[in-house]
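Undergrad: This is the structure I have questions about; it appears just below.
Since every read-out is calculated from the coordinates, none of them should be taken as a lab result. Values in this document were obtained by computation on a predicted structure and should not be read as measured data. Because the Cβ atoms are built from the backbone with ideal geometry, glycine has one as well, and the counts that use them run over all protein chains shown.
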Amino acid sequence: MRTLIAGNWKMNGGRAILAELDRIAAAAAAAPAVDVAIAPPFTLLAEAAARAGGVVIGGQDCHSAPKGAHTGCISAGMLVEMGARFVICGHSERRAEFGESDALVRSKAHAALGAGLTAIVCIGEDEAERDEGRALMVVAAELEGSVPPNANAANLVISYEPAWAIGTGRTPTLAEIGEMHLIIRAKLLQLIGEEGARVRILYGGSVNGTNIAAILTCPEVNGALIGGASLTADQFLPIVQAAANVSQ
Ligand code: 13P
């Protein structure tokens with residue numbers, strides 16, 4: 001499995017941030033062993049896709065319907081037309097801020113796959129669930145509820161992102177990450193059969209150039225989804241480089 005290093009720019013960046021993408025694209029070309037992806041805001045998608053080179057560009061959300069009266073929303077087909085090749089579904093910020101349920105996340109991912117996109121489906125416990133010892137159970141249930149029936153190894157990526165580790169500088173221990181990823185792998189095999197063995201499982205939450213190498217040594221960690229540290233080439237490229245070193 002090729003390691004995937006994906007950046008989620010969230011609601012950050014005007015057109016000036018595309019200069020960072022140019023630098024990321026140039027460096028990614030020199031690290032061919034690693035897949036590099038960026039999800040910019042919708043407003044930058046087309047221009048990002050046009051100048052991304054080998055960096056794969058994707059959206060951060062989509063609607064489950066192909067079109068219709070859904071003010072403010074974007075369909076999977078619209079993302080494709082802008083040059084997106086993947087979409088993040090069910091990020092914890094969408095689950096928390098917009099009340100997205102597993103069923104809704106699954107329907108969005110289903111629409112994304114139907115439109116020819118890869119879906120990066122996010123799952124992860126919050127701090128209370130971790131403290132109460134329910135993290136493994138919560139994440140397994142989210143996975144089961146969020147993976148669409150048309151998923152396979154080529155069109156699905158899972159990202160395990162504990163909400164309490166996002167933007168906080170805190171991360172689970174390597175043992176906790178490995179334990180969770182092993183559960184996710186086992187559950188994927190149950191859900192989609194042998195295809196589940198080859199679905200990439202990313203870790204997300206306070207990943208940076210210093211901790212990425214150790215995180216990539218955890219079992220069943222096939223890459224990372226990065227928020228804050230993906231916004232500048234200076235912070236993102238050491239992550240790509242470390243991943244390339246581990247992959248060699
Ligand atoms: P940070 O890397 O800023 O913690 O965000 C992680 C994340 O939410 C990626 O989707």
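Undergrad: Mind checking which of 209, 68, 58 has the largest fluctuation in a GNM of the chain, springs on alpha carbons under 10 Å?
TA: 68
Undergrad: What number in nm² do you get for the chain if you take the convex hull of its Cα atoms and divide its surface by four?
TA: For the chain, the mean projected area of the Cα convex hull comes to 11.9 nm².
Undergrad: Still on this structure, I have one more. Could you work out the Kirkwood radius for the stretch 27-72, taking every pair of different alpha carbons, averaging 1/r and inverting it, reported in Å?
TA: Here the Kirkwood hydrodynamic radius works out to 12.4 Å.
Undergrad: Show me the trypsin sites (Lys or Arg not before Pro) within the stretch 1-44 that DSSP assigns to loop and that have at most 15 other Cβ atoms within 10 Å of their Cβ.
TA: 2
Undergrad: Sticking with this structure for a sec: How many Å³ per residue does the convex hull of the Cα positions in the stretch 82-219 occupy? Let's see the in-between values first.
TA: Details: hull volume 16.0 nm³, N = 138.
In the stretch 82-219, the Cα hull volume divided by residue count equals 116 Å³.
Undergrad: Give the Rg/Rh ratio for the stretch 1-142, taking Rg as the radius of gyration of the Cα atoms and Rh as the Kirkwood radius, to two decimals.
TA: Ratio value, two decimals: 1.00.
Undergrad: Compute the FRET efficiency between residue 33 and residue 210 as 1/(1 + (r/R0)^6), taking r as their Cβ-Cβ distance and R0 = 22 Å, and round to the nearest 0.05.
TA: Given R0 = 22 Å and the Cβ-Cβ separation, E is 0.60.
Undergrad: A follow-up question, please. Alpha carbons only, please: Rg and Dmax for the stretch 92-153, in angstrom.
TA: When restricted to Cα atoms, the stretch 92-153 yields Rg and Dmax of 12.4, 39 Å.
Undergrad: When averaged across all projection directions, what area in nm² does the alpha-carbon convex hull of the stretch 1-48 cover?
TA: 3.5
Undergrad: How much mean residue ellipticity at 222 nm does the chain get from its helices, if each DSSP H run of length 4 or more adds -39500 (n - 2.57) and you divide by all residues, to the nearest 500 deg cm²/dmol?
TA: Taking each H run of at least 4 residues, the total per residue is -11500 deg cm²/dmol.
Undergrad: How would you rank 215-221, 25-31, highest first, on the average number of other Cβ atoms within 10 Å across their residues? Intermediate values should be presented prior to the final figure.
TA: Numbers: 215-221: 18.9, 25-31: 17.0.
In descending order of packing, they fall as 215-221, 25-31.
Undergrad: Same structure again: Once you've got the GNM for the chain with C-alpha springs shorter than 10 Å, pick whichever of 97, 142, 195 has the biggest mean-square fluctuation.
TA: Taking springs between Cα atoms under 10 Å, the residue moving most is 97.
Undergrad: Between 82, 137, 180, find the one with the highest GNM mean-square fluctuation for the chain; connect C-alpha pairs within less than 10 Å.
TA: Maximum among the listed residues: 137.
Undergrad: Go through 147, 230, 166 and say which Cα lies farthest out towards the positive end of the charge dipole of the stretch 127-248; charges sit on Cβ, +1 for Lys and Arg, -1 for Asp and Glu.
TA: My answer, from the dipole projection, is 230.
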